[in-house]
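Participant: Structure incoming, see below.
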Amino acid sequence: MYTIEGMRAIRRHLHQQPELGFEEHKTQLFLLDKIGEMPNGHFRVKTWRTGILVFVEGFAPVQTIGYRTDMDGLPIKEETGLSFASRYDGKMHACGHDLHMTIAIGILSHYAENQPKDNLLFVFQPAEEGPGGAEPMLNTDLFQQWRPDWMFALHIAPNEPVGTVTTREGLLFANTAEFMVHLRGKGGHAAYPHQANDMVVAASHLVTQIQSVVARRVDPMDSAVITIGKIESGTKENIIAERADTEGTIRTLSSEAMNLVQEHVKKIGAGIAASFDCDVDVEWGSQYKQVWNSEKVASFMAFSERSSDVNFREAAMAMTGEDFGFFLEKIPGFMFWLGVDSDKGLHDPKLNPDEAAIPIAVDHIIRYLADEMK
Ligand SMILES: CC(=O)N[C@@H](CCC[C@H](N)C(=O)O)C(=O)O
């Protein structure tokens with residue numbers, strides 16, 4: 001089994017080579033190497049696109065338990081200044097997937113040397129940040145052939161101290177929908193706005209009106225967030241822009257609120273097109289199902305509560321998204337947060353999770369699985 005130093009080296013290697021969704025080729029090769037180095041007579045290893053499935057045969061199986069990690073990095077320029085910072089300009093493991101993968105490898109290395117009683121399925125899933133690897137992976141014959149009876153996963157929590165584990169029954173993470181709005185008008189000279197059709201002004205109205213959907217359309221007892229994370233428009237201060245392109249994401253606690261918000265984004269797009277006499281095209285990207293923890297989480301919560309190696313607290317719902325929700329829609333299971341104590345949060349260029357959380361998670365999960373396989 002990997003030592004703490006061994007796991008740290010794996011994490012740092014992965015951290016240096018972040019790859020975007022479905023481009024995790026080097027990550028896949030590196031993980032396959034690590035899996036290949038383990039005593040693996042009872043492992044069956046298959047790849048799917050840039051992902052990996054490892055089926056660990058139990059010696060007296062009555063169930064198959066799945067454990068999933070995501071693999072991709074984000075298009076963020078790292079600013080941590082760490083000696084092992086990303087070597088790929090403009091890409092960073094800023095959502096902790098380097099730790100997630102390391103923890104999965106750490107657990108797997110234990111079962112390489114200690115054949116489990118039940119079957120285990122380790123799911124190394126690509127493209128969590130987009131366009132979404134969970135849903136297509138779930139639908140493969142390969143996954144269905146090894147389909148677990150239940151499964152679980154973790155996500156790092158920068159705002160929680162190391163040693164803290166939190167989760168809850170029911171909704172943990174929100175429904176999400178990415179959207180892109182493309183506005184097309186007529187460019188021109190800054191001094192002659194009446195001869196042009198300014199897409200900077202149209203996009204500004206669009207962004208402001210979209211924010212009013214949450215304030216004035218969603219039931220305040222429900223909840224939603226719309227973030228426009230990107231606007232691209234214009235070339236120079238004295239040229240009226242003929243085009244503007246925006247990208248955003250919608251987060252809701254209920255699927256009803258998601259339908260309502262999407263309808264209103266479309267209506268606002270049509271309204272902007274009419275009032276600014278321009279073309280507006282609303283395009284939808286990845287849409288993730290909520291992460292809904294089944295009753296299965298109760299045994300993990302009870303185990304964590306009585307464990308002296310972690311501090312357990314019940315989690316609040318979060319507006320983060322996770323395509324692990326697609327697995328949980330079809331297979332009972334749960335996700336939990338793992339404290340990594342970073343003063344910078346997820347998707348921040350200075351995110352710096354404390355690596356001390358890695359062996360704590362590995363040990364906690366191995367002991368939990370031992371309890372579940374009794
Ligand atoms: C845990 C986390 O940060 N997850 C991402 C998931 C991205 C979903 C999708 N790309 C979208 O933006 O809708 C998150 O941003 O919450």
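Readers should treat all values here as calculations from the given coordinates under stated rules, not as data from a laboratory. None of the values given here were measured: they were computed from a predicted structure. Don't worry about glycine lacking a Cβ; one is built from the backbone with ideal geometry, like all the others, and counts go over all protein chains shown.
Participant: Compute the distribution of all C-alpha to C-alpha distances in the range 159-288, in bins of 5 Å from 0, and list the percent of pairs in each, rounded to whole numbers.
Facilitator: Distribution as computed: 2, 10, 19, 18, 15, 12, 9, 7, 4, 3, 2, 1, 0 percent.
Participant: Taking the convex hull of the Cα atoms, report for the chain its projected area averaged over all directions, in nm².
Facilitator: Its average projected convex-hull area is 19.7 nm².
Participant: Then there's this: State which helices in the chain qualify, where a helix is a whole DSSP H run, it must extend 20 Å or more along its own axis by its Cα atoms, and its mean Kyte-Doolittle hydropathy must be at least -1.0.
Facilitator: Once both thresholds are applied, what remains is 97-113, 199-216, 255-276, 357-372.
Participant: For labels at residue 182 and residue 25 in the simple 7 Å Cα→Cβ model, what's the distance in nm?
Facilitator: In this crude spin-label approximation the distance works out to 2.8 nm.
Participant: No solvent, one uniform scatterer per C-alpha: report log10 I(q)/I(0) for the range 1-81 via the Debye equation at q = 0.21, 0.26 1/Å, two decimals.
Facilitator: Log10 of I(q)/I(0), two decimals: -1.14, -1.40.
Participant: Along the Cα→Cβ direction, 7 angstrom out, place labels at residue 4 and residue 317. What is the inter-label distance in nm?
Facilitator: 3.9
Participant: If you don't mind, there's one more thing I want to ask. Are there any trypsin sites (Lys or Arg not before Pro) in the range 151-211 that are in a DSSP loop and have at most 15 other Cβ atoms within 10 Å? List them by number.
Facilitator: Listed in order of number, the matching sites amount to none.
Participant: Here is a follow-up. Can you run phi through the Karplus equation (6.51, -1.76, 1.60; θ = phi - 60°) for the range 228-243 and list ³J(HN,Hα) in whole Hz, with x for Gly and Pro?
Facilitator: 9, x, 8, 9, 10, 6, x, 10, 7, 4, 10, 10, 6, 6, 8, 9
Participant: Follow-up. From the square roots a ≥ b ≥ c of the eigenvalues of the alpha-carbon gyration tensor of the range 104-156, which class results: rounded (a/c under 1.5), prolate (a/b over b/c), or oblate?
Facilitator: The shape class here is oblate.
Participant: Can I ask one more? Given a cut-off of 16 Å, what percent of all Cα-Cα pairs of the range 110-196 lie beyond it?
Facilitator: Everything past 16 Å amounts to 76 percent.
Participant: Counting other Cβ atoms within 10 Å, which chymotrypsin sites (Phe, Trp or Tyr not before Pro) in the range 1-81 have at most 13 and lie in a DSSP loop?
Facilitator: Passing both the DSSP loop test and the Cβ count: 59.
Participant: If I stretch the segment between residue 208 and residue 195 completely, what's the gain in nm (0.36 nm per residue apart, minus their alpha carbon distance), one decimal?
Facilitator: This chain segment gains 2.2 nm when fully extended.
Participant: Additional query: Looking at the range 1-136, what % of its DSSP beta bridges pair antiparallel, to the nearest 5?
Facilitator: Bridges in the range 1-136 are about 65 percent antiparallel.
Participant: Spin-label point model (7 Å from Cα, Cβ direction): what's the residue 343 to residue 159 distance in nm?
Facilitator: In this crude spin-label approximation the distance works out to 1.7 nm.
Participant: Considering only the chain, what is the antiparallel percent among its DSSP beta bridges, to the nearest 5?
Facilitator: Taking every DSSP beta bridge with both residues in the chain, the antiparallel ones total about 65 percent.
Participant: One-quarter of the Cα convex hull surface for the range 231-350, in nm²?
Facilitator: Mean projected area for the range 231-350: 11.6 nm², to one decimal.
Participant: Hey, another quick one. Please turn the phi angles of the range 140-152 into ³J(HN,Hα) values with the Karplus equation 6.51 cos²θ - 1.76 cosθ + 1.60 (θ = phi - 60°), one per residue in order, whole Hz, x for glycine and proline.
Facilitator: 6, 4, 4, 5, 5, 5, 10, 3, x, 6, 8, 8, 8
Participant: So, by mean Cβ neighbours within 10 angstrom, what's the order for 337-346, 299-308 with the highest one leading?
Facilitator: The packing order, highest mean first, is 337-346, 299-308.
Participant: Could you compute the FRET efficiency for residue 88 and residue 46, with r as their C-beta to C-beta distance and R0 at 25 Å, rounded to 0.05?
Facilitator: 0.40
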